[in-house]
Amino acid sequence: MSAWVLPDHIADVLPSEARHIEELRRSLLDTARAHGYELVMPPLLEHIESLLTGTGESLDLHTFKLVDQLSGRTLGLRADSTPQVARIDAHLLNRQGVARLCYCGPVVHTRMERPASSREPLQFGAEIYGHAGLEADLEALELAQACLRGAGLRELQVDLADVRIIDAVLDPLKLPAARVALLHAALTAKDVAELRLLSKALPAAVQRDLSALATLFGDAAVLAEARRVLTPSPALHAALDQLQWLAEHVQGMAVSFDLSDLRGYAYYTGVRFAVFARDARGPAADIARGGRYDEVGAVFGRKRPAVGFSLDLKELVACVAPRPLVAAIRAPWGMDAGLRQAVALLRAQGHTVVCALPGHEHEVDEFLCDRELVPDTGRPDGWTVRPL
């Protein structure tokens, strides 16, 4: 095998796409900052206990492990930044009130999250700590919407769910975690036949509820149907009431529901959402996912209310049209003092100036040069810019 062949689903990012990704990264961080979010930069690797405790099997299976030659302890390459940000909130910031934090950096997965996806996503996310009310859930949704609109997407739809609805059905049974995981997988896949098989020995009411949950997706009528067909309980109705409140207050996005959606990591404890873009280039897929995860900081000694979302910039860049190139100025290469001064002044003013090396005067590569720097004896420095 050639030494330069990369591992499966790992790829270089070439100039045109890299420029687009970087422009989107800056746009997303600027949007988060405008909403009051502070930037944090967690490390790429940590002790495995810090990365994985309390996050569930799925994140464990996605995480590369290695041995630290300094300490002999097992380290992990982060597969998700949320546990790291929870650690920062709990131990480094240690604030009593609300903390709004955002981040953007690579994560590494042992396997693809979906067909043809990268195993090295560039994850952007934003999280709110310290507020248990629905106002924080709504703010996370609104920020996700603002970020995607800033990227150029307009026809957005949010799909709402709540893990407490499924918990209301299964928690009273005290089933083993492995059995619950199998039921969750069947619900997520909406595999009614598998659900019937897995729930054969469970009470009849639970069997009916599980079969019904697999069909409860669609528009606002889903919530009324859930109240009608599912076994009533305070936990169930509280979750449905919160979904109703969010649906009524979300503006600028179509709203749908999928009450058996359990995709993602196991640390979610309440409302979950997935944002789709109907005007995205390529097949429709959820571009941003998020929700409430009030337990994620418990392992760090601070069980703080938390809600947020994340997205992969590499997936986002494939969904939106490239931004137009910023026009540049082409200049000759030379040691003339006036030329070098003119180039430095233009760059200081914010212009991109590409100096054509000798023999390469017609190569522009990634830059759109619509002007050129040419000699002008009428100017003090001897140079002027003219249109090409």
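The values are calculated or read from the model by the stated rules, or taken from the named source; none is laboratory data. These numbers were taken from a predicted model, which means no experiment stands behind them. Quick reminder, even Gly has a Cβ in these numbers, built from the backbone with ideal geometry, and neighbours come from all protein chains shown. Side chains included, ligands, DNA and RNA excluded: accessible areas come from the protein's heavy atoms. Shrake-Rupley method; radii C 1.70, N 1.55, O 1.52, S 1.80 Å.
Using all C-alpha to C-alpha distances in the stretch 154-276, build P(r) with 10 Å bins and read off the rounded percent in each one.
13, 48, 31, 7, 1
Report D for the stretch 38-164 in µm² per second (integer): Stokes-Einstein, Kirkwood Rh on Cα pairs, 25 °C, 0.890 mPa s. Each step should come with its number before you reach the end.
Working: Rh = 16.5 Å.
Reported coefficient: 149 µm²/s.
After finding the eigenvalues of the alpha carbon gyration tensor for the stretch 78-149, what semi-axes result from the square roots of 5 times each, listed largest first in whole Å?
One finds semi-axes of 25, 17, 9 Å for the stretch 78-149.
At what distance in angstrom do the alpha carbon centres of the stretch 233-296 and the stretch 315-338 lie from each other?
Cα centroid of the stretch 233-296 versus Cα centroid of the stretch 315-338: 39 Å apart.
Might you tell me the accessible area per residue for the stretch 154-276, computed with a 1.4 Å probe and given in Å²?
For the stretch 154-276, the per-residue accessible area is 46 Å².
For the chain, what are Rg and Dmax over the alpha carbons, in angstrom?
25.8, 93
Where nothing but the Cβ of Lys and Arg (+1) and of Asp and Glu (-1) is charged, how large is the charge dipole of the stretch 154-276 around its Cα centre, in debye to the nearest 20?
400
Cβ neighbours within 10 Å, averaged per peptide: list 311-320, 166-175 in order, most packed at the top.
Those peptides, ordered most packed to least, come out 311-320, 166-175.
Might you work out the accessible area of Phe367 for me, using a 1.4 Å probe with all protein chains in place, and round it to the nearest 10 Å²?
90
Tell me, what is the Rg over Rh of the stretch 225-296, with Rh the Kirkwood radius over Cα pairs? Show your work: numbers first, answer last.
On the way: Rg = 13.9 Å, Rh = 14.0 Å.
Dividing the radius of gyration by the Kirkwood radius yields 0.99.
If DNA, RNA and ligands are ignored and the probe is 1.4 Å, what is the ranking of Asp30, Asp162 by accessible area, most exposed first?
Numbers: Asp30 100, Asp162 0 Å².
The residues order as Asp30, Asp162, largest area first.
Run the 1.4 Å probe and let me know the accessible area of Glu49, rounded to the nearest 10 Å².
Roughly 90 Å² of Glu49 is accessible to a 1.4 Å probe.
Taking a probe of 1.4 Å, how large is the accessible area per residue of the stretch 328-387, in Å²? Don't jump to the answer; show the numbers that get you there.
Details: 3940 Å² over 60 residues.
That works out to 66 Å² for each residue.
Leaving out ligands, DNA and RNA, what percent of the accessible area of the chain is carbon and sulfur, probe 1.4 Å?
57
When DSSP beta bridges are limited to those with both residues in the stretch 328-387, what percentage is antiparallel, rounded to the nearest 5?
Details: 5 of 12 bridges.
If I count the DSSP bridges inside the stretch 328-387, around 40 percent turn out antiparallel.
What number of lysine-lysine pairs in the chain show an alpha-carbon separation below 29 angstrom, given a sequence spacing of 8 or more or placement on distinct chains?
Here the count comes out as 7.
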